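Below is one structure, written out as structure tokens, with a few remarks after it.
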Amino acid sequence: MVKLAAIAGNDSLSLPELLDMCFYHRTEIAFRAAWILEHVTTHYPERFVPYLADFLSRYPKQQNPSCQRHFTNILIFLTGNRAEKKGIRLTGYDMLPIVETTFNWLIAVDTAIAVKANCMEVLYNLRHTADWITEELHQQLLFLQRDGGPAIQSRSRKIMEKLNG
């Protein structure tokens with residue numbers, strides 16, 4: 001995967017085309033494209049940044065559960081300390097559709113556990129973008145601790161500790 005990301009990172013593969021492939025009707029192609037896009041983002045962020053607005057605008061449209069995992073991984077990177085150290089900031093972007101979509105994925109019964117766990121991290125990282133996020137995330141974490149499986153309970157406790165810390 002890192003070798004494919006290097007090819008995409010060297011501009012041999014068009015990142016807009018790669019992003020388009022993340023929405024391809026054949027699940028395995030979309031999954032692989034999202035996986036490569038994630039690696040490009042984390043290993044060659046300078047190549048990804050020009051397409052950040054396009055990615056953010058398309059994030060709410062992602063319906064493929066396998067791609068949602070990679071898309072939330074991308075957002076964990078983009079909203080975390082590693083991206084900030086590389087000079088990547090999400091200021092100036094309308095993050096409300098991202099927050100709403102991420103909450104929807106977190107709340108949905110059929111969302112994969114790994115995606116839910118990623119959603120918690122994304123929302124934690126975005127909690128400063130709107131006053132209501134922290135309280136809503138807190139409520140969802142309490143619900144997931146009560147009704148979720150062991151993996152979700154564990155992750156929600158960790159995020160809750162970070163919220164309270």
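The values are calculated or read from the model by the stated rules, or taken from the named source; none is laboratory data. All of these numbers come straight from a predicted model, not from anything done at the bench. Note that we place each Cβ from the backbone using ideal geometry, even for glycine, and neighbour counts take in every protein chain shown.
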Practice task
Kindly list the number of the only condition in (1) touching a residue at least 40 places away in the same chain (Cβ under 8 Å); (2) in contact with a Leu (Cβ under 7 Å, 6 or more places away or on another chain) that fails for L18.
Solution key: (1)
Practice task
Pick out, from segment 48-165, the helices (runs of 4 or more DSSP H) lying fully within it that include 2 or more residues that are aromatic (F, W, Y) and surrounded by 17 or more Cβ atoms within 10 Å (Cβ to Cβ).
Solution key: 65-79, 96-107
Problem - Residue among R82, R69 that alone is under 30 Å from H25 (Cα atoms), assigned by TED's automatic domain parsing to the domain that holds P45 and of a type in the set (K, R) - result: R69
Exercise for the section: Please indicate, with yes or no, whether at least one residue in segment 32-39 is over 19 Å from A117 (Cβ atoms), out of contact with any Cys (no Cβ under 8 Å at 6 or more places or on another chain), modelled with pLDDT of 95 or more and assigned to a helix (DSSP H, G or I). Expected result: no
Completion exercise
Of the residues in segment 20-47, those that are within 23 Å of E100 (Cβ to Cβ) and crowded, with 18+ Cβ neighbours inside 10 Å come to C22, A30, A34, L37, E38, T41
